[in-house]
1. Here are 2, 41, 13: which of them is touching a residue at least 60 places away in the same chain (Cβ under 8 Å) and over 17 Å from residue 104 (Cβ atoms)?
2. Between 39, 49, which is within 30 Å of residue 259 (Cβ to Cβ), outside any helix (DSSP H, G or I), more than 16 Å from the ligand (Cβ to nearest atom) and touching a strand residue (DSSP E or B) at 6+ places or on another chain (Cβ under 8 Å)?
3. Residue 71 - would you say it is within 11 Å of the ligand (Cβ to nearest atom) and over 13 Å from the mean Cα position of the chain (by Cα)?
4. Given (1) exposed (fewer than 14 other Cβ atoms within 10 Å of the Cβ); (2) touching a helix residue (DSSP H, G or I) at 6+ places or on another chain (Cβ under 9 Å); (3) not assigned by TED's automatic domain parsing to the domain that holds residue 132, identify the lone condition not met by residue 177.
5. Any idea which of 205, 192 is in contact with a strand residue (DSSP E or B) (Cβ under 9 Å, 6 or more places away or on another chain) and modelled with pLDDT of 95 or more?
6. Being closer than 23 Å to residue 165 by Cβ, crowded, with 22+ Cβ neighbours inside 10 Å and away from the ligand (no atom under 16 Å from the Cβ): is that true of residue 102 here?
7. On the basis of being in the same structural domain as residue 186 (by TED's automatic domain parsing), over 12 Å from residue 19 (Cα atoms) and either surrounded by 17 or more Cβ atoms within 10 Å (Cβ to Cβ) or at pLDDT 95 or above (or both), does residue 62 make the cut?
8. Considering the range 208-230 alone, what residues qualify as being part of a helix (DSSP H, G or I), within 25 Å of the chain's Cα centre (by Cα) and farther than 22 Å from residue 121 by Cβ?
Ligand code: COA
C-alpha cells in the first residue's frame, strides 16, 4: 500500500513507520490518522514484521499533536466522533500483539504524546519534549491520554501536566517513568533498532503472548490476569520454538527459532 503522510519500510523483521509531515511538525490530520490505521492494519497481517518502530520525520518533532486547523472546526457531535476515531486507531496499535516502540525524536505533544503512550515502549532523544497542552486550546486529551498517562505515571502527575499544559523534558520523562531510555539524538535510531532487532530475534509466539498479557493488565484483576497468563504460557509451550529454546539451552547451543 502507498501512503501520502507516512513512510513505511521493513528491515530485518523490523517495520519502521515514520509520520511524515515535517513542515507541520508531523501534526496528525484526518488523512494521517487514517493512514496510521491502514499501515498498522497492514503490519498486523504481515508475517515479515515482528517488531515496529514508530517515529517522526525531520529534526524537530515526533508528532506535535492533532492538526489544530482541523480541530478548530469541531463541535459537540463531531468532537466526540473525532475522539472515538483516533482512540480506535491508537487501540489498534496498543493491541497489535507485536511490540511497538516509539522513538521520540522531538516534540510529542497532545495527540503525539498520546500516540507514544499507545506504544509499548518509549525511547527518547535528549531533545524530546512531551506534554498534553490541550488545555491551552480549551479542550482535553481525546486520544486516550487521560487514561494512559494516569495509568503510566499516576493520576496526580498526569493531572499536573494535563491541567498546566507544561512540557516534560527528556530527563524529567525518564525520572517519572514516562520513557524507558534517553539517548543523544544521533544514537536514538541506532539504539532503538538494536532493541527492536534483539526482540525480533526471540521466539515470536513468546513475544506476542508477552505483549498481550502485559497490555491486558490494566483491564483485568490479578486473578483474571493470572488466568490469562496461564493460558498464554500454555500456548507458548505448544510451539516448536519452545522445544527448540529449551533444547538449545540443555545442549549448550544457540537456539534457532522458526516462529512455529
Ligand atoms: N497542528 C497544526 N499545525 C501545527 C501543529 C499542530 N498541532 N503544530 C505545529 N504546527 C505547524 C505550525 O502551524 C507551523 O506551520 P506554518 O509554518 O505553516 O505556520 C509549523 O507547524 C511549524 O510550527 P511552529 O509553531 O512555527 O514551530 P515552533 O518551533 O515555533 O514551535 C511548537 C513548536 C511545538 C511549540 C508549536 O508548534 C506548538 O505549540 N504546536 C502546537 C502544539 C499543541 O498544542 N499540540 C496539541 C494539539 S491538541
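1. Result of the check over 2, 41, 13: 13.
2. 49
3. It is true that residue 71 is within 11 Å of the ligand (Cβ to nearest atom) and over 13 Å from the mean Cα position of the chain (by Cα).
4. Result: residue 177 fails condition (3) only.
5. Residue meeting the stated conditions: 192.
6. Yes.
7. no
8. Scanning the range 208-230 gives 222, 224, 226.
The values are calculated or read from the model by the stated rules, or taken from the named source; none is laboratory data. Note that this is a predicted model, so its numbers are computed, not measured. So basically every Cβ, Gly included, is an ideal-geometry build from the backbone, and we count neighbours across all protein chains shown.
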